[in-house]
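Report on the following structure.
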Amino acid sequence: MPPVELRTLCLLTTLFAGVMVQQDLFGQRFSAPFNPFMSPNSQSIRITAENLEDIDWMEVDRRDEESWYHLYPFGERYFDTDLAPIPWNDQQIDLDFFFPYHGFRFNYSFATFSYPHYIQPPYTYPNPKWPDAEDMSFIASFMADQTVMHVGDVLISHLWYRIISRPVNEIGRDSTDRRPTANRNPSLGPKYRGHGHVEDADFLNQLTDDIRYGMVGARGFTADYAIVITWERMGYGGAPKYTAMHQYEEAKKWQNTYQMVLATDEIRSYAMFNYANINWTSSTAAGSLAGRGGKQSALVGFNGGNGTGFVQLPYSAEGNSYKLVQFGSTQTAGRWLCRVDEVIVYGGCTNDSTGQLRFDTPYGDMLGGFSLNVSGPCFREQNVIKLQIDELTIDCRRLDMVVARCTVPVNAIYRVGEVSIKLSTDGGRNYPFWNTFIILQHQFSNHPVQLINDPLLGYNDWHSPAANNLTLMWPAVNISSSAGVTIDISVWGYWEDLDGHEMVEVGRRKRNADAYD
């Protein structure tokens, strides 16, 4: 079955002021990692009806007016293209990369103002009339009818987009060998390539760190390409298209602003939704009154197309979708993150009392000696976290609200096949989050430590009895994201027969080695 076109449908959003110190869903304070794109880089400007027509937007960050710093930069100043001057004329956006989504690979997309022509609310996905009717692939950050609005003669609603890539010499670089953003040299800044395309390695580095920080299993991902689409101050479908200039402050109270970010390395893909304002939840076409109520509220989720399936986010198609601003699946309020290349994997954590446990790898070595990053419930600082793999119970350490790290000791499992894996946050009294895990024989498992043979010196081979200079390589970020961390390197021998097995430490080869050296 040929892939269908990918449509990015993101319509409508309410008031939220970004802050530098966030609170998680339990009211606990935490400090997010430094993000230069989430910090104001200039003095905020007061925009009023009196100066609206005179502002030079090339000199102004559009996030400043209402402190939308959890959104990534957008607008004229950042080389975005605006589709709002030609509303209802959906424009195909050609990508110079492949975006894997729901098992397909796409190299073009549509950024739209409304739902497709074949949809009338209430709507259901996958399309129940497929294959007799279309069932398009789409990503919806806020799917509802909307209006492009003017104050006086000034257009205040915008649909911005820009496509971002790395310089050619940086694309495809092994992400596991890269130091954290704080230890990388900044580039010379964004380079405009025309037609909405920008080269900006610094932006992609920061986006990479935000994805790694926000979702388990993403610590080895590097964003080589991204597309940022921002719906700014959109009115609900059926709202007046023109209001008087002096009504600017009142008009802002009934507009939505939100953003979609799609990132990929052409193998893994992530979708991020950032919500700034959600003041209305539905449209007149859906039976709403002034943007609230009606047959169905805005839809938020992912449709695979061709009847393959639909996954929706919390508050989708509910009258309380304004909560998309107040909460989030990551450690930033108003930010939601999913992995979307194959099946849709929900990122972040949940406040549900039970649910599915997620981890950074679906399998482990039968000999143990590996760390497993797990996610599911939102972790509090006072939680006592334990992981149970088959009959083995191990202690885990909370890394942040989203991720806990559990280290499986060497020579502790010694079995193969599918086993149950469960997580407790109350010291082992209850294990309400669960999944299955695969234990592999050692020769079939992925070894993070690589044994390197010297092609020029045949005796420096790990199979040579006369070797005198052997080389090890490992992904340092899997040990720690902090540069300067030291490790000990030791050699173990393994022996087994029909009666049993044994692991013995042969010797310690090096102490306090630099993990990034």
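The values are calculated or read from the model by the stated rules, or taken from the named source; none is laboratory data. Since the structure is predicted, the reported quantities are computational estimates derived from the model, not experimental observations. Because the Cβ atoms are built from the backbone with ideal geometry, glycine has one as well, and the counts that use them run over all protein chains shown. Just the protein is used for accessible areas: all its heavy atoms, side chains included, with ligands, DNA and RNA removed. Shrake-Rupley method; radii C 1.70, N 1.55, O 1.52, S 1.80 Å.
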Listed by first then second residue, the pairs whose first member lies in the stretch 385-402 and is in contact (Cβ under 8 Å) with a residue 12 or more places away in the chain and farther than 21 Å from Arg219 by Cβ, whose partner is small (Gly, Ala, Ser) and open to solvent by less than 20 Å² (accessible area, probe 1.4 Å), with beta carbons under 7 Å and at least 6 positions apart or on separate chains, are Lys386/Ser424
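Tell me which residues, restricted to the stretch 430-471, are within 30 Å of Asn351 (Cβ to Cβ) and touching a Gly at 6+ places or on another chain (Cβ under 8 Å). Reasoning before the result, please.
Keep residues of the stretch 430-471 that are within 30 Å of Asn351 (Cβ to Cβ), which gives 430-438.
Once the filter is applied, which keeps residues that are within 30 Å of Asn351 (Cβ to Cβ) and touching a Gly at 6+ places or on another chain (Cβ under 8 Å), the stretch 430-471 yields Pro432, Phe433, Phe437, Ile438.
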Among (1) over 22 Å from the mean Cα position of the chain (by Cα); (2) modelled with pLDDT under 85; (3) charged (D, E, K, R) - the single one Glu66 does not satisfy | (2)
Take the residues of the stretch 46-80 that are part of a loop (DSSP other than H, G, I, E, B) and open to solvent by 50 Å² or more (accessible area, probe 1.4 Å): which is farthest from Met272 (Cα to Cα)?
-> Glu50
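Only one residue in Glu391, Glu381 is under 29 Å from Gly417 (Cβ atoms), open to solvent by 50 Å² or more (accessible area, probe 1.4 Å) and at pLDDT 85 or above. Which one? So that I can check it myself, show each step before the final result.
Working: Glu381 fails: under 29 Å from Gly417 (Cβ atoms).
None of the other options fit; the residue is Glu391.
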Out of all the residues in the stretch 457-477, which are small (Gly, Ala, Ser) and not in a loop (DSSP other than H, G, I, E, B)?
-> Ala476
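So which of Val300, Val261 is touching a helix residue (DSSP H, G or I) at 6+ places or on another chain (Cβ under 9 Å), under 21 Å from Pro126 (Cα atoms) and modelled with pLDDT of 85 or more? So that I can check it myself, show each step before the final result.
Numbers: Val261 fails: under 21 Å from Pro126 (Cα atoms).
It is Val300.
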Say whether the condition of being at pLDDT 85 or above, open to solvent by less than 10 Å² (accessible area, probe 1.4 Å) and assigned to a loop (DSSP other than H, G, I, E, B) is met by at least one residue in the stretch 359-368.
-> no
Tell me, yes or no, whether the stretch 436-456 has at least one residue that is at pLDDT 90 or above, in contact with a Lys or Arg (Cβ under 7 Å, 6 or more places away or on another chain) and more than 25 Å from Leu498 (Cβ to Cβ).
-> no
When you go through (1) open to solvent by 40 Å² or more (accessible area, probe 1.4 Å); (2) in a loop (DSSP other than H, G, I, E, B) one by one for Met401, which number turns out not to apply?
-> (1)
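Please determine, by comparing only the residues of the stretch 188-207 that are in a strand (DSSP E or B) and open to solvent by less than 20 Å² (accessible area, probe 1.4 Å), which one is farthest from Ala223 (Cα to Cα).
First pass over the stretch 188-207, keeping only residues in a strand (DSSP E or B): 191-194, 197-199.
Among the residues that remain, those that are also open to solvent by less than 20 Å² (accessible area, probe 1.4 Å) are: 194, 198.
Values: Gly194: 21, Val198: 14 Å.
Among residues in the stretch 188-207 that are in a strand (DSSP E or B) and open to solvent by less than 20 Å² (accessible area, probe 1.4 Å), the one farthest from Ala223 (Cα to Cα) is Gly194.
Test Pro33 against the criterion of being open to solvent by 40 Å² or more (accessible area, probe 1.4 Å), in a loop (DSSP other than H, G, I, E, B) and either touching a Ser or Thr at 6+ places or on another chain (Cβ under 9 Å) or modelled with pLDDT of 85 or more (or both), and give yes or no.
Numbers: open to solvent by 40 Å² or more (accessible area, probe 1.4 Å): yes; in a loop (DSSP other than H, G, I, E, B): yes; either touching a Ser or Thr at 6+ places or on another chain (Cβ under 9 Å) or modelled with pLDDT of 85 or more (or both): yes.
Criteria met by Pro33.
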Of all residues in the stretch 214-265, how many are buried (at least 23 other Cβ atoms within 10 Å of the Cβ), of a type outside the set (A, V, I, L, M, F, W, C) and free of Cβ contacts under 8 Å to residues at least 60 places away in the same chain?
-> 1
For the stretch 224-242, state whether one or more residues are farther than 26 Å from Phe104 by Cα, among the hydrophobic types (A, V, I, L, M, F, W, C) and touching a Gly at 6+ places or on another chain (Cβ under 8 Å).
-> yes
What are the pairs, 6+ residues apart or on separate chains, where a residue within the stretch 51-78 that is within 17 Å of Asn256 (Cβ to Cβ) and free of Cβ contacts under 8 Å to residues at least 40 places away in the same chain has its Cβ under 8 Å from a residue that is assigned to a helix (DSSP H, G or I) and open to solvent by less than 10 Å² (accessible area, probe 1.4 Å)?
-> none
Index of the failed condition, Ala412 passing every other in (1) in contact with a Leu (Cβ under 6 Å, 6 or more places away or on another chain); (2) not in a loop (DSSP other than H, G, I, E, B) = (2)
Kindly list the number of the only condition in (1) open to solvent by less than 90 Å² (accessible area, probe 1.4 Å); (2) in a loop (DSSP other than H, G, I, E, B); (3) touching a residue at least 40 places away in the same chain (Cβ under 8 Å) that fails for Asp454.
-> (3)
